[in-house]
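These notes concern the structure reproduced below.
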Amino acid sequence: MSLSLSLSVSLCLSFSLPLSLPLPLCICVPLSLLLAPSPSLSLSLSLTLTLSLSLTLTLSLSLSLSLSLSLSLSLSLSVSLSLSLSLSLPLSLCLCLCLCLCLCLCLCLCLCLSLCLCLCLCLCLCLSLSPSLSLSLSLCLSLSLSLCLSPSIRDGRLEQLLARELVPGDTVCLSVGERVPADLRLFEASDLAVDESSLTGETSPSSKTTAPQDPASNGGDMASRSNLAFMGTLVRCGKAKGIVIGTGENSEFGEVFKMMQAEEAPKTPLQKSMDLLGKQLSLYSFCIIGVIMLVGWLQGKRIMDMFTIGVSLAVAAIPEGLPIVVTVTLALGVMRMVKKRAIVKKLPIVETLSCCNVICSDKTGTLTKNEMTVTQVFTSDGLHAEVTGVGYNGAGEVLLDGDVVHGYACPSISKIVEVGCVCNDSVIRNNTLLGRPTEGALLALAMKAGLESVQQEFVRLEEQPFTSENKWMAVRCVHRTQQDQPGVFFMKGAYEQVIRYCTFFNSQGAAVPLSQQQRELFQQQKSYMGTAGLRVLAFASGPQMGSLTFLGLVGIIDPPRSGVKEAIGTLIGSGVAIKMITGDSQETAVSIASRLGLYTKGSQCLSGEEVDQMDLHQLSQIVPRIVVFYRASPRNKLKIVKSLQNIGAVVAMTGDGVNDAVALKAADIGVAMGLTGTDVCKEAADMILVDDDFATILSAIEEGKGIYNNIKNFVRFQLSTSIAALTLISLATLMNFPNPLNAMQILWINIIMDGPPAQSLGVEPVDREVIRQPPRNVRDSIITRSLLLKVLLSAFVIVCGTLFVFWRELRDNEITPRDTTMTFTCFVFFDMFNALSSRSQTRMVHEMGLCSNRMFCYAVLGSIMGQLMVIYFPPLQSVFQTESLSVLDLVFLLGLTSSVCVLSELVKLAERWRGARQDRGRCSDSASDADTFHEV
């Protein structure tokens with residue numbers, strides 16, 4: 001009968017496994033059609049839900065297999081025993097009760113699995129409804145290409161063609177605000193500037209010409225190809241025509257895509273640790289169980305009895321609850337990260353952040369906002385003003401010696417703001433710039449000074465546009481109330497070009513002749529601002545172009561995001577190295593790194609060209625000392641990540657552009673920006689920061705460390721219980737004692753060990769002090785020396801206490817139900833106190849609070865109630881072979897079993913005292929070193 005039952009279970013599973021995919025499909029496709037707003041989103045949503053439900057069903061089927069084996073074991077024991085004794089009535093009752101109990105256990109397990117299923121379903125819904133996650137790269141590419149209409153010339157006729165319909169040889173016309181639909185070779189360009197920041201990382205728009213380029217002269221640098229416009233870039237100003245030379249995968253955009261497809265995401269440290277731990281535990285458990293069965297058989301015990309005990313021990317020893325705890329703990333961590341505005345696409349990535357020791361960050365759009373902003377104003381009469389605020393908006397102030405300057409309160413500053421506002425072709429609408437970033441920064445300066453309306457007060461009579469050759473722009477305007485006047489020239493541009501047209505400079509409202517000494521002073525100020533990484537613009541005005549009055553300088557930069565400097569300081573303090581990788585110039589990159597506290601005296605930087613000249617081994621030797629990588633291409637970023645991984649670093653890469661996608665996928669943790677990030681970047685990343693806040697990485701690392709600690713707490717509890725159960729049965733077998741626990745009792749202990757008390761350890765709240773701990777070594781096993789000591793100590797106490805109770809009750813050398821009941825209850829109570837002490841490896845129970853983890857309280861209370869039911873409920877007494885205990889027996893057992901918790905707390909105190917002593921020793925050593933330094 002046992003064989004037939006096992007065969008039936010196997011057949012059911014064999015029929016159920018192929019259904020694990022169609023069933024979720026039947027559920028998820030209609031659900032996704034109802035929830036998703038578009039067909040592409042619906043398809044990706046249904047696939048995501050299908051995969052999650054398939055994994056959940058596979059997990060439930062695997063657990064059902066272990067439960068079915070336990071059921072078939074209990075049935076085979078009951079049936080064989082009943083047949084041997086001619087099916088007496090009491091044994092038949094036992095058989096029925098056993099069946100009822102197993103059915104109840106099955107129902108409980110199904111309820112737990114249903115809750116896990118609902119959790120996974122809700123999580124998948126939360127993640128899948130985000131378009132940034134659900135759209136695959138191919139869908140993003142097809143949508144972006146299909147929705148882009150480009151004015152093109154084909155067969156001599158001007159047509160509006162979809163970007164996907166373009167072929168090499170077509171002629172495309174470009175104008176302001178359009179996306180370049182394909183790689184183009186330009187043959188006609190008028191004041192064309194293209195924003196290539198998403199592809200190259202360059203902050204400033206790239207000026208384009210039709211002049212032929214020598215491929216050998218630029219060394220393959222994308223930013224140096226001035227006669228090409230690349231697919232996906234944005235036209236900031238001007239107009240042009242070009243011939244299509246590459247579309248789709250044959251474009252530069254497609255090259256990055258193919259590089260990303262060729263990269264495989266590495267296995268996470270948690271996956272490696274879990275694989276190793278599972279293999280070791282299974283191997284050791286089966287070896288010990290085999291020895292127990294062999295020794296028992298040699299001692300003359302019945303082979304069926306030893307087989308029963310062996311199977312029960314196998315079920316109890318193998319941690320089948322570990323995958324559930326890991327999955328649920330990671331899923332809850334992902335849900336907490338969603339509340340902190342971070343979307344995690346892969347569950348293990350949350351824990352991987354706990355061992356991240358290097359963060360390679362892109363500059364443009366990640367550490368900075370990719371919005372040019374005026375930060376300094378220098379007037380010709382020597383005033384220095386600071387400008388606060390970031391972006392194309394009026395949030396910020398103009399500060400002169402700490403006082404706010406607004407309107408015309410300071411004429412010298414207002415004249416500069418007036419020229420920057422009037423000599424301007426760009427527009428800011430709803431905090432969105434239409435035009436050049438530099439001109440947008442000047443308009444934002446006017447908004448902060450309260451002079452944004454000046455632009456409408458003048459009528460433009462004449463304009464000399466900015467060109468890459470002249471490097472200046474001038475307009476002749478007249479005030480609306482004085483249109484009969486000849487007008488005034490307003491000029492802005494590079495200092496070297498503007499100063500050539502100036503013969504006077506403004507000094508407190510008066511035009512003073514410009515001397516050579518003043519020219520040198522202005523040159524020094526321009527050089528000082530340039531070395532700080534600022535882009536310097538000069539301003540002048542006057543009645544004639546040859547005799548203008550010099551007004552002053554402004555410094556423009558793409559400033560750091562708010563909160564980034566503090567986050568970087570905290571990360572560096574916790575042992576995480578930060579490296580900036582950008583396609584921008586050396587001066588700008590070093591300036592931003594200095595502002596963020598990354599680049600200090602003695603720091604080193606490296607160019608992308610120098611990275612290309614090194615092989616991977618050479619780069620791995622010097623990469624720990626490099627803080628800033630500038631002029632880096634996508635291949636350079638990938639090589640840098642590989643070199644860091646080559647020396648054993650766990651690398652997190654942050655980025656927002658197409659040029660970051662390959663490195664994001666190759667890194668251990670790829671982090672993309674949600675607001676400014678491209679679709680390709682989000683597709684390649686493992687985690688997306690919804691609000692582009694770099695400080696969210698801090699919360700993610702804190703969450704990852706907390707999750708890893710919770711997994712260690714569970715491993716400690718389960719290992720100590722498994723070792724105690726194996727040791728208890730082993731000692732009883734080797735000493736030729738009767739088995740202190742029967743098969744049903746061992747299975748009940750296994751339910752407690754893998755059930756609610758153990759699962760609740762995975763939802764322990766994260767300790768806020770964990771962020772100060774250094775990143776863990778990825779090579780370290782999850783079972784450290786300290787953890788192993790605590791496991792063995794707890795197991796030793798449990799075994800000694802349980803054997804003491806068994807020996808105390810077995811004085812008549814005849815085993816009775818009372819003997820096994822006392823031993824069984826003692827072991828279960830030991831488990832409860834052991835779980836209480838396993839909630840944290842460092843904090844005491846009273847520091848955490850008994851009710852800080854309510855799930856743990858409910859689980860322990862339910863387990864104790866279940867144990868009392870097993871002891872006092874008559875139907876269960878016959879199944880588990882127990883009998884009622886007195887109140888004094890329970891008090892005695894509670895006092896004895898609490899020793900494992902008390903001893904664990906004493907170990908924590910000893911470790912804390914030892915750590916404090918070592919800290920004092922280090923402080924005294926550093927103090928003595930400091931004293932020696934001062935003496936020298």
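The values are calculated or read from the model by the stated rules, or taken from the named source; none is laboratory data. Being a predicted model, the structure only gives us computed values, none of them experimental. Every residue, glycine as well, gets a Cβ built from its backbone with ideal geometry; the counts of neighbours run over all protein chains shown. Accessible surface is based on the protein model in full, side chains and every heavy atom, while ligands, DNA and RNA are left aside. Shrake-Rupley method; radii C 1.70, N 1.55, O 1.52, S 1.80 Å.
Quick notes
- Total lysine pairs whose alpha carbons fall under 30 Å of each other in region 337-485 (8 or more apart, or interchain): 16
- Accessible area in the full protein assembly, largest first, 1.4 Å probe, for 484, 381: 484, 381
- In Å², nearest 10: area of residue 675 left accessible to a 1.4 Å probe: 130 Å²
- When the Cα convex hull of region 644-801 is projected onto planes of every orientation, the mean area is 13.1 nm².
- Contour excess over end-to-end distance, with Cα ends at residue 512 and residue 851 and 0.36 nm allotted per residue: 114.3 nm
- Each part reduced to its alpha carbon centroid, region 234-258 and region 641-678 end up 24 Å apart.
- Partner aspartates and glutamates whose Cα lies under 12 Å from the Cα of residue 239, excluding those fewer than 8 positions away in the same chain, are identified as 178, 188, 191.
- At R0 = 30 Å, FRET efficiency that the Cβ-Cβ distance of residue 286 and residue 807 yields, to 0.05: 0.55
- Segments 567-579, 904-916 sorted - mean Cβ within 10 Å per residue, highest first: 567-579, 904-916
- Probe 1.4 Å - accessible area at residue 522, Å² to nearest ten: 0 Å²
- Region 441-471: GluC sites (Glu not before Pro) in DSSP loop, at most 11 other beta carbons within 10 Å: 469
- Radius of gyration and maximum dimension Dmax of region 404-452, Cα, Å: 10.6, 30
- If you sort 363, 279 by accessible surface, 1.4 Å probe, largest first, the order is 279, 363.
- For q = 0.21, 0.22 Å⁻¹, Debye-computed log10 I/I(0) when each Cα of region 714-818 counts as one equal scatterer: -1.21, -1.28
- Mean separation of Cα contacts under 8 Å (6+ apart) over length of region 498-593, as relative contact order %: 29 percent
- Residue 751 exposes around 60 Å² of accessible area when a 1.4 Å probe is run over every protein chain in place.
- Based on alpha-carbon atoms, the Kirkwood radius and the radius of gyration of region 735-892 give Rg/Rh equal to 1.03.
- Kirkwood Rh, angstrom, region 503-586 [1 / mean 1/r, Cα pairs]: 16.2 Å
- Rounded if a/c under 1.5, otherwise prolate or oblate - region 419-538, Cα gyration tensor axes: oblate
- Bins of 10 Å, starting at 0 and running to the largest distance - Cα pair percent for region 822-885: 20, 42, 25, 12, 1
- Accessible surface computed residue by residue for region 775-903, with neighbouring protein chains in place and a 1.4 Å probe, gives 48 Å² per residue.
- Where N is the number of residues in region 274-363, Cα Rg divided by 2.2 N^0.38 Å: 1.75
- The label-point distance for residue 427 and residue 616, in a model that sets each label 7 Å from Cα toward Cβ, rounds to 5.2 nm.
- Value of Rg/Rh across region 553-703 [Cα atoms, Kirkwood radius]: 0.94
- Averaging the Cα positions of each part gives two centres, and for region 425-480 and region 343-399 these lie 24 Å apart.
- Residue ranking by accessible heavy-atom surface, 1.4 Å probe, largest first, among 566, 371 comes out as 566, 371.
- Set of lysines near residue 790 by C-alpha distance (under 16 Å), chain-local residues within fewer than 8 positions excluded: 712, 908
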